[in-house]
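Quick note: the coordinates plus some simple rules give every number you see, no bench work behind them. Computed from a predicted structure; not experimentally measured.
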Amino acid sequence: MFASHAIAGLSFSAPRRNSRVLGLLLQLEAWLDARSSARALYAMDDRGLSDLGLSRSDVERVNADATHPASNA
């Protein structure tokens, strides 16, 4: 069977490596998003938080979850 020179150098490990990099980038994006949300909550005053049904302790919990995300195991 004839294999063209364009595909002869391709290996099956490239998609796996790209998938791992993509997974890491998605985790980083989720972490950055969680940190951004926590910062926005910290910037709010107590009245604004109570309008959302949150307290300062809830903001602490959200911030802790953002800095130490649970594993997806």
Original post:
Got a sec to turn the phi values of the range 42-53 into Karplus ³J(HN,Hα) couplings, 6.51 cos²θ - 1.76 cosθ + 1.60 with θ = phi - 60°, whole Hz, x for Gly and Pro?
Top reply: 4, 6, 7, 7, 4, 5, x, 5, 5, 4, 8, x
Original post:
Which ³J(HN,Hα) values, rounded to whole Hz and listed in residue order, are derived for the range 29-36 from phi using the Karplus coefficients 6.51, -1.76 and 1.60 in 6.51 cos²θ - 1.76 cosθ + 1.60 with θ = phi - 60°, glycine and proline given as x?
Top reply: 4, 5, 5, 5, 5, 5, 5, 4
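Suppose the chain between Ala34 and Leu52 were pulled fully straight at 0.36 nm per residue; how much longer would it get relative to their current alpha carbon spacing? Provide the component values of the computation, followed by the final result.
On the way: separation 18, 0.36 × 18 = 6.48 nm, distance 1.71 nm.
My answer for the length gained is 4.8 nm.
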